[in-house]
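The structure appears below as structure tokens.
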């Protein structure tokens, strides 16, 4: 068999939203990267193989941005009909065509070589090419969900629920156990103009009566549910029993659809089974132990850590281990503040020197995991890990060394890349700070206040009419090489990244109407006249960086169109 050796700076194992964002972030900051993914598509639980929508922080203006927002906005633009395979292609191209990334799909990590307390290399089998891929790297990130590098490397980890006494967590069980949240095989349905029959397979479970379905799950509105409650496995081994659990989930899933179609009136006469997942979506298995373990009480106190690099805002959504077979509520939503901070020390191994992790396997208790495990949160954790890895590689540091020496740089780099960090301000470039800032209307000063979204009662943006202008003026001609904008992508929109079901005449995806679509950049020449040096005709992104190279005493931004609204809303404009 062939064996290909890759020598890179950073190796990411696992191509879900966390691993994908980690790989892209590291590559964009100069690291050479291998992303090893054991599936044919990227996205993990968000991919076409599982089809869970991306959830994150609740509350006004708390939507996650950065690489995740870039990807979702790309999907809105390219995928109006909400086709899951186009969504897969968006995720694929973001990695496959990113400079510095080597993508290994269908490649399962099976072996690992250590050098003392450092990982030297990992080895994966790519079934499609019958090739072994060995990846030697300076830093490794386990974003595999099930934390495959933990048993291979000897990294410390936990499985199950802590006792109440260990961390003084009120929602933990009295006694510790190995139970987890379960996994689900989801269903997607499509509405048609005419009746659709359904004949269940003979091996599906039969649920002829409403009482046969757990009582909390009887409101089967096929327009609104993705059937997350078809869940099992929390009281079994959430890794080694996956195949057996999947078999049971399929029997339940087909039986539930049979119940909806053939037993009682559930308003589903014209609905057909569009898709059913044969790959379970997991919620919990191994969790690494880092330099800090995030707890329920950290979350309830808002997580105001000095080393915050990401945030959450989902409730502690603690699913019962028995899932579908539990007669009571399938989950308990314990309230949390939104946002709450997540510290960098939860993202690297306590005992393996060059191992990081992102996703549902970070260093957290079971209780805290129930709030941090959703994919919006996992994605921004992944971007933090990839950015930290690039800094560590550049400066010859370990992940812990970044915490000790470069945590402020890491935080500032994340905010520069449009990752919101609650209670922090982004540093403004010197050229931006010293310039005279004026506008034809409205107050432009919030454009350089270091906060790139509304927070509490402060808008932190400039609002003007189409055709208005904002201008930076300098005491003497200055060389400008980059312009950075943050536009309004409607952080309070209710539209998910992908749908759970397909009603008839469903509204297509659209680019948020608040985004600036068309704008121009003008500079003042030596004669005092204004000339256009750049015109963008079809922008659909929130974070926009423009490379230019001009010397001028003044530069103007002129918005010329949005995607629908009358007013222009901009949160940041930097010149450097």
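Just so it is clear, none of the values below were taken in a lab; they were calculated from the coordinates. Note that the structure is a prediction, hence the values are computed from the model and not measured. Here Cβ is always computed from backbone atoms with ideal geometry, including for glycine, and neighbour counts include all displayed protein chains.
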Quickly rank 533-540, 317-324, 137-144 as a protection proxy: mean count of other C-beta atoms within 10 Å, highest first. 137-144, 317-324, 533-540
Nearest 500 deg cm²/dmol is fine: what mean residue ellipticity at 222 nm does the chain get from its DSSP H runs of n ≥ 4 alone, each adding -39,500 (n - 2.57), divided by its residue count? -6500 deg cm²/dmol
Under a plain spin-label model, where a point goes 7 Å from the Cα along Cα-to-Cβ, how far apart in nm are residue 493 and residue 561? 1.8
What do you get for the angle between helix 67-78 and the principal long axis of the chain? Use alpha-carbon atoms, 0 to 90 degrees, nearest ten. 90
Using only the alpha carbons of segment 183-282, what is the convex hull's orientation-averaged projected area in square nanometres? 6.2
Quick one: order 52, 415, 183 by neighbouring beta-carbon count within 10 Å, fewest to most. 415, 52, 183
Report the full-extension gain for the segment residue 533 to residue 263: residue separation times 0.36 nm, less the Cα-Cα distance, to one decimal in nm. 90.6 nm
Contour excess over end-to-end distance, with Cα ends at residue 163 and residue 506 and 0.36 nm allotted per residue: 118.8 nm
Most exposed to least, judged by fewest other Cβ atoms within 10 Å, 482, 74, 69 sort to 482, 74, 69
Backbone N within segment 347-369 under 18 Å of label point (7 Å from residue 395 Cα along the Cβ vector): 347-349, 354-356
So what's the angle, to the nearest 10 degrees on a 0 to 90 scale, between helix 242-262 and the longest Cα principal axis of the chain? 90
What Rg and what Dmax come out for segment 465-576 when only alpha-carbon atoms are used, in angstroms? 17.1, 61
When the label point is put 7 Å from the Cα of residue 333 along its Cα-to-beta-carbon vector, which residues of segment 350-382 have a backbone N closer than 19 Å? 367-378
Of all DSSP beta bridges located in the chain, what percent are antiparallel, nearest 5? 75
Going 7 Å from the Cα of residue 7 along its beta-carbon direction, which residues of segment 338-365 have the amide nitrogen within less than 20 Å of the resulting point? 354
Rounded to one decimal in nm, the spacing of the 7 Å Cα→Cβ label points at residue 423 and residue 440 is 4.2
What do you get for Rg/Rh over the chain if you use C-alpha atoms and the Kirkwood form of Rh? 0.99
Could you state the angle between the C-alpha long axis of helix 375-395 and the longest principal axis of the C-alpha atoms of the chain, as a value from 0 to 90 degrees rounded to the nearest 10? 60
